[in-house]
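See structure below.
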Amino acid sequence: MKVEIVPCLADNYAYILVDESQPQAIIVDPSEPRPILEAITRLGVEPVAILCTHHHADHIGGLPDLLNRFPKIRVLGHPQDRSRIMGLSEGVAHQELVQIGDMSINALYTPGHTLTAITWLVDGCAFTGDTLFVAGCGKVLEGTPEQLYASLNEVIGSLQGDTRIYCGHEYTSKNLKFALRVEPDNKAASIKLQDVLMLRFADTPTVPTTLSDERRYNVFLRCGERAVLETAKREGCKGLDPVSVFTWLRIRKDHFRPSEVGRGRS
Ligand code: ZN
Ligand code: FE
């Protein structure tokens with residue numbers, strides 16, 4: 001399987017998964033129609049299905065045009081999103097396997113950002129939408145911090161370390177600046193930030209990463225690490241169990257400004 005990254009809107013990523021044995025493709029999170037239709041034409045593939053990680057407009061905005069252009073296309077998502085995702089034709093259950101051509105797709109329910117968020121697992125790749133970002137995670141908008149903690153650390157956290165992570169937004173450099181605010185001595189985070197700044201300077205996406213890399217610098221997967229606990233304690237986090245630390249980190253991130261990093265230096 002080949003994964004084509006399709007930058008959309010200001011900082012979204014849609015993806016086109018190309019089945020290399022036949023000219024079929026699956027679209028993940030069609031944010032807007034034009035870049036996706038262009039990529040489909042360039043690749044010379046026939047889209048047969050759309051996987052929706054969640055119902056937010058910046059992830060499904062391309063649906064009306066795609067449904068119009070490909071009326072038989074299958075649209076997969078959470079069964080409770082029938083009223084929120086246009087054209088949803090197949091509601092899938094947690095851990096349900098769906099076969100599309102030669103591609104086996106596994107749906108993992110990962111609530112927190114929304115109650116009906118899904119991480120799609122295809123051929124060793126996890127399409128996490130706004131649940132797990134490179135070096136960060138989505139905001140808790142519908143669910144609870146407990147749910148998002150479990151989605152990240154237990155559901156996605158149980159996947160193999162070499163799982164490639166493809167997320168819904170290019171938020172990586174800001175996320176790493178926050179990670180370094182929490183763990184100033186995390187070498188993996190500072191090396192990663194240098195790499196990411198170079199990539200972004202060249203307008204190159206920072207996806208995919210791997211889950212094992214994320215465990216080294218993504219603070220939302222590091223709630224039990226000593227350095228994270230020390231910062232949490234120093235900054236007044238009540239309770240140092242992983243869920244309390246996660247909840248504190250998520251609120252702290254909501255108020256974070258990258259200019260906080262490196263204060264005192266020129
Ligand atoms: Zn979202
Ligand atoms: Fe989003």
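Values quoted throughout were computed directly from the atomic coordinates according to the rules given, and no laboratory measurement underlies them. All of these numbers come straight from a predicted model, not from anything done at the bench. Glycine also receives a Cβ, built like all others from the backbone with ideal geometry; neighbour counts cover every protein chain displayed.
Some observations on this one:
- Close pairs (8 angstrom Cβ cut-off, 6 or more residues apart or separate chains): farther than 19 Å from TYR171 by Cβ in the range 1-29, of a type in the set (A, V, I, L, M) and within 14 Å of ligand 1 (Cβ to nearest atom) anywhere: ILE16/VAL28; LEU17/VAL28; ILE27/ALA14
- Of the residues making up the range 100-119, those that are closer than 24 Å to LEU211 by Cα and either away from ligand 1 (no atom under 15 Å from the Cβ) or touching a Cys at 6+ places or on another chain (Cβ under 7 Å) (or both) are MET103, SER104, ILE105, ASN106, ALA107, LEU108, TYR109.
- Any pair with Cβ under 8 angstrom, 6 or more apart, that starts in the range 35-58 at a residue that is closer than 19 Å to VAL122 by Cα and ends at one that is within 12 Å of ligand 2 (Cβ to nearest atom) and assigned to a strand (DSSP E or B): THR53/THR128; THR53/GLY129; HIS54/GLY129
- Subset of the range 35-79 [among the polar types (S, T, N, Q) and within 16 Å of ligand 2 (Cβ to nearest atom)]: THR53
- Subset of the range 28-48 [under 10 Å from LEU66 (Cα atoms) and not in a helix (DSSP H, G or I)]: PRO30, GLU32, PRO47
- Elements of type strands (runs of 3 or more DSSP E) in the range 80-157, at least 3 residues being within 16 Å of ligand 2 (Cβ to nearest atom): 118-122, 125-129
- Matching residues, the range 162-210, being within 16 Å of ligand 2 (Cβ to nearest atom) and outside any loop (DSSP other than H, G, I, E, B): ILE165, TYR166, CYS167, HIS169, THR172, LYS174, ASN175
- Residues that are within 20 Å of ASN175 (Cα to Cα) and either of a type outside the set (A, V, I, L, M) or within 12 Å of ligand 1 (Cβ to nearest atom) (or both) were ranked within the range 133-147; the one that is nearest to the chain's Cα centre (by Cα) is PHE133.
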